[in-house]
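Below you'll find the structure, written out as structure tokens, and then a few comments.
The numbers here are math on the coordinates, done by the rules we state, and not lab data. Just so it is clear, the structure is predicted and the values come from calculations on it, not from any experiment. Positions of Cβ are generated from backbone atoms using ideal geometry, with glycine treated the same way; all protein chains shown enter the neighbour counts.
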């Protein structure tokens with residue numbers, strides 16, 4: 001996510017009003033209601049994590065231990081257990 005320069009996109013009156021509250025600070029302006037996007041919708045990260053988690057579950061079913069999987073995927077054993085629990089359902 002890139003940043004916009006407020007003085008380039010806001011009218012001077014609006015900028016002056018905002019400066020009364022947060023002069024020189026970085027602020028986040030949320031999307032309008034109904035325009036929100038779900039996590040991972042802008043990238044392939046969500047799909048990549050699902051693929052990785054399926055591989056972890058398949059390896060677990062093939063006999064790999066939670067400890068081995070944690071070391072292979074650089075995750076905690078708790079994370080591996082959570083992934084396995086999710087895919088069992």
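Within the listed set 67, 46, 32, the Gaussian network model of the chain (springs between alpha-carbon atoms below 10 Å) gives the highest mean-square fluctuation for 32. Among 68, 77, 13, the residue with the largest mean-square fluctuation in a Gaussian network model of the chain, with springs joining Cα atoms closer than 10 Å, is 13.
Counting every other Cβ atom within 10 Å of each residue's Cβ, 48, 64, 23 order from fewest to most as 23, 48, 64. Helix 77-88 axis versus longest C-alpha principal axis of the chain: approximately 80°, rounded to the nearest ten.
Out of all Cα-Cα pairs in the chain, roughly what percent, to the nearest whole number, are more than 19 Å apart?
On the way: 2381 of 3916 pairs.
Cα-Cα pairs of the chain separated by over 19 Å account for 61 percent.
Of all the options 60, 21, 73, the one that moves most in a Gaussian network model of the chain with Cα springs shorter than 10 angstrom is 21. Pairs of Cα atoms nearer than 8 Å and 6+ residues apart set the relative contact order; for the chain it is 17 percent. Pair-distance distribution of the range 45-88: all C-alpha pairs, bin width 10 Å, starting at 0; shares per bin in whole percent are 31, 63, 6.
Got a sec? How would 17, 69, 75, 10 order by Cβ neighbour count within 10 Å, fewest to most?
17, 10, 75, 69
Sequence-distant contacts, meaning Cα pairs under 8 Å at least 6 residues apart, place the relative contact order of the range 45-88 at 37 percent.
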